[in-house]
Amino acid sequence: MFPLHRGRRLRQNESIRSLVRETSLSPEDFMFPMFIVEGKNQEIEIPSMPGIFRRSIDLTVKEVKELFDLGIRAVNIYVKVNDDLKDNTGKEAWNANGLMQNAIRAIKAVVPEMIVMPDVALDPYSMYGHDGIIKNGEVENDSTVNALVKMAISHAEAGADFVAPSDMMDGRILRMREGLDAAGFTNVGIMSYSAKYASAFYGPFRDALDSAPRQTTEVVPTDKKTYQMDYANRIEAIKEAVWDAEEGADIVMVKPGTAYLDIVREVKDNVNIPVAVFHVSGEYAMIKAAAEKGWLDHDKIMMEQLMCIKRAGASLISTYFAKEAAILLNK
């Protein structure tokens, strides 16, 4: 107790502070989400996400090489699918020559040590913008899971290191693990979006992929609240993460990040596998907008948020700031 103990002794200068610092960040902590489009030499900035682009495969591979040189060791990849390939079955999602599959092969051919984690969900392929197949006006769980298993196997065949189901259907991790194993992909991992909340923070991401639920003349859900989690709930997140771990997930994820750090800690304390956190598009966009206005110091806020996510218990962080943060950490 005071005066024998003075906390300020350990805060006197940066050398002391760094000596006793409890949490640290490195580029190896990050995954970088990437958006891929058809064509060649295509680079289209996403208006609501300054500095983030939709790129064709050739430019995506170039960017992946730069990321690897910075020390980043994993990428999440997402594809923007042409409207004429969208339907209510999602069949383009397991096309062996589809955009996602070609992107996986291209990245692994040029940067084989980069860990590639493709998104597994039907919303980029859905005519309705939902993560599953619509039946009788609802997102039907079990038929969607069957489609997701086909999708995951096609990603594994293309060379994915992990598959990353972000759909929040019930039971999909067990079925995916069984399907991958039966197809001979016992070493392909699963990073499950286990506690994915129905959040307003995803808006810029849906702009990037044109994957928001669409208004139609048919009766379909207008949002994703029947499968993504209610942001008022805490215990449910623990339950979902534990279930996914028991079903065979190698990594569980909490999404979004900074508004859900209590959930990150709860999940970390209740599973014995790595916990990923997705620092999502809305979180990125808010910092960019505030920094542009001069209201916040961009780099200081960026690093503070990433450090706080790591401090809360994240083993790895998927963030659109990965490249910028890695550049700062490498200085």
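The values are calculated or read from the model by the stated rules, or taken from the named source; none is laboratory data. Please read all numbers here as calculations on a predicted model, not as lab measurements. Cβ: placed from backbone, ideal geometry, glycine included. Neighbour counts: every protein chain shown. Heads up: the accessible areas ignore ligands, DNA and RNA and are worked out on the full protein's heavy atoms, side chains in. Shrake-Rupley method; radii C 1.70, N 1.55, O 1.52, S 1.80 Å.
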- Restricting attention to the range 41-71, which residues are at pLDDT 95 or above, closer than 20 Å to Phe205 by Cβ, open to solvent by 20 Å² or more (accessible area, probe 1.4 Å) and of a type in the set (S, T, N, Q)? Gln42
- Report, ordered by the first and then the second residue, all pairs with beta carbons closer than 6 Å, sequence separation of six or more or different chains, a first member in the range 307-323 that is farther than 14 Å from Glu266 by Cα, and a second member that is modelled with pLDDT under 95 and part of a helix (DSSP H, G or I). none
- Note on the structure: Selection from the range 219-249 of residues over 23 Å from Glu140 (Cβ atoms) and of a type in the set (A, V, I, L, M, F, W, C) yields Ala232, Ile235, Ala237, Ile238, Ala241, Val242, Ala245
- Only one of (1) open to solvent by 10 Å² or more (accessible area, probe 1.4 Å); (2) in contact (Cβ under 8 Å) with a residue 60 or more places away in the chain is not met by Leu261, so which one is it? (2)
- Query: With respect to Lys268, is the statement that it is under 30 Å from Thr186 (Cβ atoms), basic (Lys, Arg) and part of a helix (DSSP H, G or I) true?
  - Reply: yes
- Task: Filter the range 294-331 down to the residues that are among the polar types (S, T, N, Q) and touching a Leu at 6+ places or on another chain (Cβ under 9 Å), then identify the one that is surrounded by the fewest Cβ atoms within 10 Å (Cβ to Cβ).
- Result: Asn330
- Task: Take the range 116-144 and flag every residue that is open to solvent by less than 10 Å² (accessible area, probe 1.4 Å) and β-branched (Val, Ile, Thr).
- Result: Val116, Val120, Thr144
- Is one or more of the residues making up the range 189-206 part of a strand (DSSP E or B), at pLDDT 95 or above and among the β-branched types (Val, Ile, Thr)? yes
- Query: Right, Phe32: aromatic (Phe, Trp, Tyr), out of contact with any Gly (no Cβ under 7 Å at 6 or more places or on another chain) and assigned to a helix (DSSP H, G or I) or not?
  - Reply: no
- Message: Of everything in the range 149-165, what is touching a residue at least 40 places away in the same chain (Cβ under 8 Å) and assigned to a helix (DSSP H, G or I)? Give them in sequence order.
- Response: Lys150, Met151, Ile153, Ser154, His155, Glu157, Ala158
- Item | Among residues of the range 166-175, those that are without any contact (Cβ under 8 Å) to a residue 40 or more places away in the chain and open to solvent by 10 Å² or more (accessible area, probe 1.4 Å), counted | 2
- Within the bounds of the range 14-23, is there any residue that is open to solvent by 70 Å² or more (accessible area, probe 1.4 Å), among the acidic types (Asp, Glu) and not in a helix (DSSP H, G or I)? yes
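Residues checked against (1) within 18 Å of Ala164 (Cα to Cα); (2) open to solvent by 40 Å² or more (accessible area, probe 1.4 Å); (3) in contact with a Ser or Thr (Cβ under 9 Å, 6 or more places away or on another chain):
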residue: Arg73; (1), (2), (3): yes, yes, no
residue: Val79; (1), (2), (3): yes, no, no
residue: Asp83; (1), (2), (3): no, yes, no
residue: Ala96; (1), (2), (3): yes, yes, yes
residue: Arg105; (1), (2), (3): yes, yes, no
residue: Val111; (1), (2), (3): no, no, no
residue: Met114; (1), (2), (3): yes, no, no
